[in-house]
Amino acid sequence: MWNPNSMDHRQMEKRVIVGRVRPTWARNLPEARDDDDRSDVSMMPQSDPPSPSEQWDKHGKLDDKYDVFGKVMLLGDSGVGKTCMLVRFRDGTFLAGNYISTVGIDFRNKVVAVDGIKVKLQIWDTAGQERFRSVTHAYYRDAHALLLLYDVTNKTSFDNIRAWLGEIREYAQDDVVIMLLGNKSDSGLERAVRREEGQRLAREYQVAFMETSAKTGLNVEAAFAHVARALVVKADPADPARLAVRAQPSQEQRSSCPPCS
């Protein structure tokens, strides 16, 4: 049993949780639960293969050491690809075919490196259906970052972004990191929302913006890396230059043909 009187004789490792110092012995408190402590209302896959980017120690155990911790929520209408985005980032795979909608809320953990700083992202996948919205609201206040997704082939999902941003302003922390993502950018002729429309909306609300594809992996890593950098900057605001958005060029951007009128 841990003896509080022996603290002076122990080497304490300090962890920053978005600006707060956290000792090693408090690592497993509710703010940073392990992967196996999940919500009971989820429809996420329950047997996840290990991510190839995770680090394992010499004893074959997952090395989850980190310097900064942050909770990230995926938000947006049902069907925009939130679960696919999470699985692509966490496991490097794509959920092909028809996948059942998420019920309630669930999370996965992943540690990423930002300029040598290990950032543990606890990523919460939420249900987009209206009947689960009250459940989602309860998690806003504790979120450090929000990824707000719309489907570039679904104009309604884009039009609803303003309503989502309104809820964020009402329920989330004032300094929460927000990023707007136009998902399914690989859809080509099925596109219903132009990139410029997403960029305009992001400028209006002063949030970062990228177009992503959970299917091809375009900008998925870049989006989460931007969030991780933002959390590092919140913990150490002396270096805001880390916040530059570093998106990969899409096939449309690489094309030499003139833009559609």
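The values are calculated or read from the model by the stated rules, or taken from the named source; none is laboratory data. Being a predicted model, the structure only gives us computed values, none of them experimental. Cβ coordinates were reconstructed from backbone atoms using ideal geometry, including for glycine residues, and neighbour counts include every protein chain displayed. Just the protein is used for accessible areas: all its heavy atoms, side chains included, with ligands, DNA and RNA removed. Shrake-Rupley method; radii C 1.70, N 1.55, O 1.52, S 1.80 Å.
Quick one: which strands (runs of 3 or more DSSP E) sit completely within the stretch 142-261 and have at least 1 residues that are surrounded by fewer than 20 Cβ atoms within 10 Å (Cβ to Cβ) and modelled with pLDDT of 95 or more?
Filter on the stretch 142-261 gives 208-211.
Can you pull out the residues in the stretch 174-204 that are at negative phi and charged (D, E, K, R)?
Asp174, Asp175, Asp186, Glu190, Arg191, Arg194, Arg195, Glu196, Glu197, Arg200, Arg203, Glu204, listed by residue number.
Would you check which residues across the stretch 111-123 are surrounded by fewer than 23 Cβ atoms within 10 Å (Cβ to Cβ) and touching a helix residue (DSSP H, G or I) at 6+ places or on another chain (Cβ under 6 Å) and list them?
Val112, Val114, Ile117, listed by residue number.
Please go through the stretch 132-141 and give me each residue that is under 17 Å from the mean Cα position of the chain (by Cα) and either of a type in the set (Phe, Trp, Tyr) or open to solvent by less than 80 Å² (accessible area, probe 1.4 Å) (or both), ordered by number.
If the condition is that a residue be under 17 Å from the mean Cα position of the chain (by Cα) and either of a type in the set (Phe, Trp, Tyr) or open to solvent by less than 80 Å² (accessible area, probe 1.4 Å) (or both), then Thr136, His137, Tyr139, Tyr140 are the ones that fit.
Determine the pairs where a residue that is under 17 Å from Ala127 (Cβ atoms), located within the stretch 96-116, has a partner that is at pLDDT below 60 and of a type in the set (Lys, Arg) with Cβ atoms under 6 Å apart, the partner being 6 or more residues away or on another chain.
Pairs found: Asp106/Arg38.
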